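The values are calculated or read from the model by the stated rules, or taken from the named source; none is laboratory data. This structure is a prediction, so every number in the text was calculated from the model and none was measured. Backbone-built Cβ (ideal geometry, glycine too); neighbour counts: all protein chains shown. These area figures cover heavy atoms from the full protein model, side chains too; ligands, DNA and RNA do not enter into them. Shrake-Rupley method; radii C 1.70, N 1.55, O 1.52, S 1.80 Å.
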Amino acid sequence: MRHIITGQSLLIVCCLFYMIWWYRGFKPTIEADRLGGLNGVLLLITAILGIAGILFSLMPTSETVGIKYSQTYIIIGGIAAYIILMVITKVAFNRIVTSELFLIVGWTMLELSLLNRLDGSGLLSGTRLMAVYVSVLLAFIISMVLYVAYYRMEDNAAFYSAMVPLITEAASMGVLIGMLLK
């Protein structure tokens, strides 16, 4: 369980660095090199923290050997969800597909995979498990609504609303950590 807490903590810090990078590189009316200088370093740190967080979160341990459902279902469901959401957001909402959709669906798959392992291992159950599921669902819904709305917003509103999914996803991971430490 220590690996999961470490992984989720690293992903929370990853969200923080992503927000800093976004703030410095995408602020309206300010022209900035998004990949060079300090911004490039921030993006590299973000990527390293993200990869490390995923690896730690998924690291098998003797504590989390059980699974409730086959992880294959989560992977297939995630791939299907990505394709369906990509088509819906492009066709129904005329939204260009960006990497954020992949990150939203990928993060949701990661969290569902973790919850599946924790539930199957008996490490998280009942209302604590449901609280985390609800927080993941809310973060996903908020992220998708803002993903679709982004290009329809005024520049400042879009700029700040693009950081909200990072906050909700970090908060959801914080809920998971809190439930594991209870």
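Miscellaneous remarks
- Calculated P(r) of the range 63-182 - Cα pairs past 26 Å, %: 26
- With the whole protein complex present, Lys27 retains an accessible surface near 60 Å², based on a 1.4 Å probe.
- Packing-based ranking, highest mean first, of 13-24, 145-156 given that Cβ atoms within 10 Å are counted: 13-24, 145-156
- Coupling constants for the range 102-111 follow from the phi torsions by the Karplus curve (6.51 cos²θ - 1.76 cosθ + 1.60, θ = phi - 60°), and in residue order they are 4, 5, 5, 5, x, 5, 4, 4, 4, 5 Hz; glycine and proline get x.
- Taking each DSSP H run with n ≥ 4 as -39500 (n - 2.57) and averaging over every residue of the chain yields -26500 deg cm²/dmol at 222 nm.
- A simple spin-label model places pseudo-atoms 7 Å from Cα toward Cβ; at Glu31 and Val134 they are separated by 4.9 nm.
- Environment charge of Leu115, counting only residues whose C-beta is closer than 13 Å and scoring Lys/Arg +1, Asp/Glu -1: +1
- Backbone geometry of the range 74-83 corresponds, through the Karplus equation with coefficients 6.51, -1.76 and 1.60 at θ = phi - 60°, to 3J(HN,Hα) couplings of 5, 5, 4, x, x, 5, 4, 4, 4, 5 Hz, x marking Gly and Pro.
- Derived scalar couplings ³J(HN,Hα) [the range 84-92; Karplus, 6.51 cos²θ - 1.76 cosθ + 1.60; whole Hz; x for Gly, Pro]: 4, 5, 4, 5, 4, 5, 6, 7, 6
- Charge context of Gly37, other residues only, Cβ under 14 angstrom, K/R +1, D/E -1: 0
- Across the protein chains, with a 1.4 Å probe defining accessible surface, the residues Leu114, Leu58, Leu181, Leu49 rank Leu181, Leu58, Leu49, Leu114 from largest area downward.
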